[in-house]
Amino acid sequence: MRATASACAASAMRDAPHHVAACGADDVFRALDDARSRALSRTGMCGATGSGARGAAHARARFGMWSTAATRGGGDDARARGDAAEAAPGTAALWDGVPGHGRQLSALRASRGERPREVVVACEDGGEMEISSHGAWARDATALARGTPLCVWAHGMRGDLNNDDEEGLWNFWKYCDVGDGAESRATARDIGVIRYNARGYGASSDVRRTREARWDNRGSDMIELARRVRKGNGGKLVFCGASLGGATSIWAAVLAYESGVAEDAPAALVIVTPPTFYEERESRKKKLKAKVAKGAAVENTKAPRRVFAAARDPVVPEPPSLANPNDSCAVEVLIGSAQSNLPEPERVREALRDIPVICLAWDCGDVTHPVSSAMVIKDLVPHAEIVVASSKEDYDIVKHVRAEWSNAILEFIQRNVISDDEGKENL
């Protein structure tokens, strides 16, 4: 019987506790990798021990050496992208930044009135990203017009493209598609937005090594994706994201500043529900390590995001479950997150000294995204705008977030990106 990537991962995790019991904390993850390798060998999924093309293909899928889309899901999406699983990333040309020029996923999305998705080779190492494009740039299906600002949005660790759309908590990009419906309608029409599934999620490349899931390397991926879209168009850049995506945005801004490449530097940052940072993150790291050590990396909760439990009124439609990384690399994703934190405070302060920042946080009992993280950002960036929604106020927090946060983001972009450009043109 053919072994699947998830079955192999589960087998490795069952073995892991026996091998890590006598290890110190620094050796735990190395032992886990060894345990997983043994499981791969037993199931014939390692190229060295597997038989023929099947063993080699399974090894490639395990290590993310190229697209593993065919093993990630069923139905039309999997069939639509399965033929690309035999092409190594290095052999495919980098994406040209034009919507529709990537590998299309499913026509079903368009037939349901949803944004089409595609997979593009976005990174120099051949890393593929599943993307969703929005705004005039996407409607025109051309390269991003010269001078058009671009927002790059990254999801959280328990989120993905589908989850962000279904939750509807901060999906400001929907106004960019229709051009109205928000207070800042001019802003919505005047920007391009690209959202993507990070490595290890959806149809994007799997995480091959734990370091690819660290926040700093995710920041590098964000920079590279932005380069593919902008191609020196001269428009301003905004890094945006929720939770993990917010941390990714901060890292991208710091790396861009330290590289000295002006084109990569953002004109503004949008950080939503920031995760824990610095000393406060140590507790989160321990929880992630413990989850991996007990073999629970692929055991996923069915619960929705914590904020929905704080709603006073029934949430309609019923909120989705939290999203999860792909089973095939869940261990690597969790380890990478457990090894992550923000850059040293002085690096963040220096890089963001002149960059407008907005941070939207909530106070609803979500210990993974506490208001204290917004206060850390305020300490690092004194000029940052902090917006807090609280379940203790006399409003329904879910309705409030859905009604206010998208407008707050668009208004921030209007003031700090678009209006600034218009003012310079009038000088």
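Ignoring ligands, DNA and RNA, what percent of the accessible area of the range 298-427 is carbon or sulfur (1.4 Å)?
On the way: 3020 of 5970 Å².
The nonpolar share, carbon plus sulfur, comes to 51 percent.
At a threshold of 8 angstrom on Cα-Cα distance, excluding pairs fewer than six apart, so keeping six or more, what relative contact order does the range 117-418 reach in percent? Walk me through the numbers before you get to the answer.
On the way: 617 pairs, mean separation 66.1, N = 302.
With pairs under 8 Å counted, the relative contact order is 22 percent.
When the chain is fully extended, how far beyond the present Cα-Cα distance does V367 get from A290, taking 0.36 nm per residue of separation?
Details: separation 77, 0.36 × 77 = 27.72 nm, distance 1.71 nm.
Working it through step by step, the gained length comes to 26.0 nm.
Between R353 and H383, what is 0.36 nm times their sequence separation minus the Cα-Cα distance? Round to one decimal in nm.
Working it through step by step, the gained length comes to 10.0 nm.
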Cα-centred dipole magnitude for the range 201-343, charges only on beta-carbon of K, R (+1) and D, E (-1), debye, nearest 20: 240 debye
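With +1 assigned to the C-beta of every Lys and Arg and -1 to the C-beta of every Asp and Glu, and no other charges, what is the dipole magnitude of the range 117-418 about the Cα centre in debye, to the nearest 20? Spell out each step's value before the answer.
On the way: 39 positive and 44 negative charges, 86 e Å.
Dipole of the range 117-418, to the nearest 20 debye: 420 debye.
When Rg is the radius of gyration of the Cα atoms in the range 226-299 and Rh is its Kirkwood radius, what does Rg/Rh come to? Mind showing how you got there, number by number?
Details: Rg = 16.3 Å, Rh = 14.4 Å.
Value, to two decimals: 1.13.
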In the structure shown, of K174/K289; K174/K285; K285/K378, the pairs separated by more than 28 angstrom at the C-alpha atoms are K174/K289; K174/K285
What's the extension gain from E299 to E280 if we count 0.36 nm per residue and subtract their Cα-Cα distance? 4.3 nm
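For the range 246-317, which GluC sites (Glu not before Pro) pass both filters: DSSP loop (anything but H, G, I, E, B) and at most 14 other C-beta atoms within 10 Å?
Details: sites: E258, E263, E279, E280, E282, E299; in loops: E299.
When the GluC sites (Glu not before Pro) of the range 246-317 are filtered for loop state and at most 14 Cβ neighbours within 10 Å, E299 remain.
Name the shape class, rounded, prolate or oblate, that the alpha-carbon gyration tensor gives for the range 295-427, where a ≥ b ≥ c are the square roots of its eigenvalues, rounded holds for a/c under 1.5, and otherwise prolate holds if a/b is larger than b/c and oblate otherwise. Before the final figure, lay out each step's value.
Details: a/c = 1.99, a/b = 1.30, b/c = 1.53.
Verdict is oblate for the range 295-427.
Just check the range 117-418 against the gyration tensor rule for me: Cα atoms, a ≥ b ≥ c as the square roots of the eigenvalues, rounded for a/c under 1.5, and otherwise prolate or oblate depending on whether a/b exceeds b/c. Don't jump to the answer; show the numbers that get you there.
Working: a/c = 1.28, a/b = 1.11, b/c = 1.16.
Rounded.
Hey, if we sort M222, M375 by accessible area with the 1.4 Å probe, largest down, what's the order?
On the way: M222 0, M375 95 Å².
Largest accessible area first, the residues go M375, M222.
The values are calculated or read from the model by the stated rules, or taken from the named source; none is laboratory data. If you're wondering where the values come from, they're calculated on a predicted model, not measured in any experiment. Methodologically, a virtual Cβ is constructed for each residue, glycine included, from the backbone with ideal geometry; neighbour enumeration extends over all protein chains shown. These accessible areas exclude ligands, DNA and RNA; they are computed on the full protein's heavy atoms, side chains included. Shrake-Rupley method; radii C 1.70, N 1.55, O 1.52, S 1.80 Å.
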